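Shown next, in structure tokens, is the structure this report addresses.
The values are calculated or read from the model by the stated rules, or taken from the named source; none is laboratory data. Since we're looking at a predicted model, the values are computed, not measured. Neighbour counts are summed over all protein chains in view; Cβ atoms, including those assigned to glycine, are modelled from backbone coordinates with ideal geometry.
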Amino acid sequence: MADDVISSLNRSAKLFIDRASAATVEDAMERLQGFRMHLFIGEAAACSPTHQAALLSALNCGRRTFLGGVTVSGALEVPLLAKVAAGETLADAVSSLCGTVIGDIPEGVPLVCVGAPPAIGAVEFAVRTTFDGWRGGVIPLASAPLPEQVEFTPAGVLGGALAVSELFAHFDGDAMAGYRSAGMSLWDQSAADWASPASDGPSPRQLPSDFWVIGLGHLGQAFIWTIGLLPFASSKEVRLFLQDVDEAGRSTESTSVLTFDRDEGRQKTRICSDWAERRGFRTRLIERCFDADLRVAHDEPALALCGVDNTQTRAILEGAGFASVFEAGLGAGVEDFRLIRTHSFPAPVGAEEVWADEGSGAELGGEADRPVPLPPAYNDLRNQGAIDDCGLTRLAEVAVGAPFVGMTAAAVLISQVLRMVAGGRRPTVSNLDLRALQHRTLVEREGTDIVIFGTAMSR
């Protein structure tokens, strides 16, 4: 029974369970079912790959957390430029991602606009995504947007994910959500003013064509989604080596953006491979654990992206022979699930030293904090006989998660890779908190020099 409870639990619902603001699992799910979002895209925005990336990323994240549904209106009968969903038109893509196309903006539903908003009356929550080049974010509806001229799809991914993050914060009682700007430059993550053109970078002239993706859950699927939005000259020239050993469970859909309920029981490698090959990418499946014996062959990708929550795996990342490794980790508990930390290697501090003597679990929070005493929903499960004490311990170790956190991490990490290819400084460590995105910390490497930005940095 414990396996059923754990495998089916929506990872965002676990926030309310562990915080003790929901008395039962059913109460937590009912709260998510009360969350709704409406997306609107304007006519000019609908012809932009970056705006389409923002719309579809917001929809893909939002519908997994806002279980009351996500509706979409605006200029949708246009050719689909962001080929991360099925169909010929943007409306087709919305439907394939489980959004509902409607004619008008519904009253009383929080609004996220992509591009210029229509004339609307007073709305409790209304924001707009915005971008220009490497800069992306979300702003109050009445604020002046960025120029939105220079296309860069990861900035759209960032804006869409941050819009969902702000709306989730609004539902969770954050009085400032929807009334503040939140964004960053994906070129210059240290920039205090992300809206300033001075923080922008050059348009990428080259894109990497070989990726080895380790871990195909919450983070790994967000990495692949973001890669799928890049403007490759030919997707047939792009190889994705996909490594994982797990099957999708009932809860996987709640955080993993390429997974749908029909995928329960399928290998994650197969889910991701099917998605990638429908978009013309070439894939290779590695259905074995990443261990100390693995070595990259000379004709295999030299670039690795890692999204696992196991510190033993992270510690041996440099031993496989990759030329460059980029990895991300997320917080796991009630207080830290919005935290993102990235590393890249080689670095002055090696992976083995970074994760020396650490146990398995999420990097930033370790195991999800087990509340003491147990919150009401845990006791309710035990009283029902749905779970025993051993099962409760396992349930307490399950991470709180939300897909917009992994999507934000993907926009940041893929941009770090593109920045390296473009000759920019490579961040070796970065820390972000979606509750206060302006307070970032960053260590960059330029030649043999280490440059530190932000407040106090911890490994």
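Name the one entry in Gly68, Gly62 that is surrounded by fewer than 23 Cβ atoms within 10 Å (Cβ to Cβ) and of a type outside the set (Phe, Trp, Tyr). Write out each step before concluding.
On the way: Gly62 fails: surrounded by fewer than 23 Cβ atoms within 10 Å (Cβ to Cβ).
So the residue among Gly68, Gly62 that is surrounded by fewer than 23 Cβ atoms within 10 Å (Cβ to Cβ) and of a type outside the set (Phe, Trp, Tyr) is Gly68.
Looking at region 170-223 only, could you name the residues that are more than 16 Å from the chain's Cα centre (by Cα) and outside any loop (DSSP other than H, G, I, E, B)?
Scanning region 170-223 gives His170, Phe171, Ser185, Pro197, Ala198, Ser199, Asp210, Phe211, Trp212.
Which members of region 209-240 meet the condition of being more than 27 Å from Lys14 (Cβ to Cβ) and crowded, with 21+ Cβ neighbours inside 10 Å?
Of everything in region 209-240, those that are more than 27 Å from Lys14 (Cβ to Cβ) and crowded, with 21+ Cβ neighbours inside 10 Å turn out to be Phe211, Trp212, Ile227, Gly228, Leu229, Val238, Leu240.
How about region 400-439: which of its residues are among the polar types (S, T, N, Q) and not in a strand (DSSP E or B)?
Thr408, Ser415, Gln416, Gln438
Please specify each residue of region 1-24 satisfying the condition of being of a type in the set (Gly, Ala, Ser), surrounded by fewer than 20 Cβ atoms within 10 Å (Cβ to Cβ) and either in contact (Cβ under 8 Å) with a residue 40 or more places away in the chain or in the same structural domain as Ala169 (by TED's automatic domain parsing) (or both).
Passing the criteria: Ala2, Ser7, Ser8, Ala20, Ala23.
State yes or no: is Val164 in contact with a helix residue (DSSP H, G or I) (Cβ under 6 Å, 6 or more places away or on another chain), closer than 30 Å to Gly265 by Cβ, modelled with pLDDT of 95 or more and β-branched (Val, Ile, Thr)? Can you show your working first?
Values: in contact with a helix residue (DSSP H, G or I) (Cβ under 6 Å, 6 or more places away or on another chain): yes; closer than 30 Å to Gly265 by Cβ: yes; modelled with pLDDT of 95 or more: yes; β-branched (Val, Ile, Thr): yes.
Considered against the rule, which asks whether it is in contact with a helix residue (DSSP H, G or I) (Cβ under 6 Å, 6 or more places away or on another chain), closer than 30 Å to Gly265 by Cβ, modelled with pLDDT of 95 or more and β-branched (Val, Ile, Thr), Val164 comes out as yes.
Kindly establish whether Gly156 is under 16 Å from the mean Cα position of the chain (by Cα), modelled with pLDDT of 95 or more and assigned to a strand (DSSP E or B).
no
Which one of these is among the charged types (D, E, K, R), under 10 Å from Leu39 (Cα atoms), in contact with a strand residue (DSSP E or B) (Cβ under 9 Å, 6 or more places away or on another chain) and at pLDDT 95 or above: Arg63, Arg128?
Values: Arg63 fails: under 10 Å from Leu39 (Cα atoms).
When all the criteria are applied, what remains is Arg128.
Name the residue that is modelled with the highest pLDDT, counting only residues in region 131-153 that are touching a strand residue (DSSP E or B) at 6+ places or on another chain (Cβ under 8 Å), farther than 15 Å from Thr50 by Cβ and of a type in the set (A, V, I, L, M).
Looking at the filtered set, the residue picked out is Ile139.
Report yes if Arg270 is farther than 23 Å from Arg205 by Cβ, basic (Lys, Arg) and surrounded by fewer than 17 Cβ atoms within 10 Å (Cβ to Cβ), otherwise no.
So Arg270 fails the test.
Among the residues of region 193-213, is there at least one that is touching a residue at least 40 places away in the same chain (Cβ under 8 Å) and under 19 Å from Leu56 (Cα atoms)?
No: zero hits.
Can you find even one residue in region 287-308 that is of a type in the set (Lys, Arg), surrounded by fewer than 20 Cβ atoms within 10 Å (Cβ to Cβ) and at pLDDT 95 or above?
Here is the first cut: in region 287-308, the residues of a type in the set (Lys, Arg) are 288, 295.
With the extra rule that they be surrounded by fewer than 20 Cβ atoms within 10 Å (Cβ to Cβ), the set shrinks to 288, 295.
Narrowing further to those that are at pLDDT 95 or above: 288, 295.
Yes, that holds for at least one residue.
Scan region 235-260 residue by residue and report those that are more than 19 Å from the chain's Cα centre (by Cα) and part of a helix (DSSP H, G or I).
Matches in region 235-260: Ser235, Lys236, Glu237.
Of the residues Asp4, Asp18, Asp27, which is of a type in the set (Asp, Glu) and modelled with pLDDT under 95?
Of Asp4, Asp18, Asp27, the one residue that is of a type in the set (Asp, Glu) and modelled with pLDDT under 95 is Asp4.
With the condition being of a type in the set (Asp, Glu) and under 23 Å from the mean Cα position of the chain (by Cα), I'd like the strands (runs of 3 or more DSSP E) fully within region 274-351 carrying at least 1 qualifying residues.
324-330
Checking the conditions here, which among Val112, Val101 is of a type in the set (A, V, I, L, M, F, W, C) and under 21 Å from the mean Cα position of the chain (by Cα)?
Val112
Might you check whether a residue that is among the charged types (D, E, K, R) and farther than 21 Å from Ile271 by Cβ occurs anywhere in region 246-256?
Among the residues of region 246-256, not one is among the charged types (D, E, K, R) and farther than 21 Å from Ile271 by Cβ, which makes the answer no.
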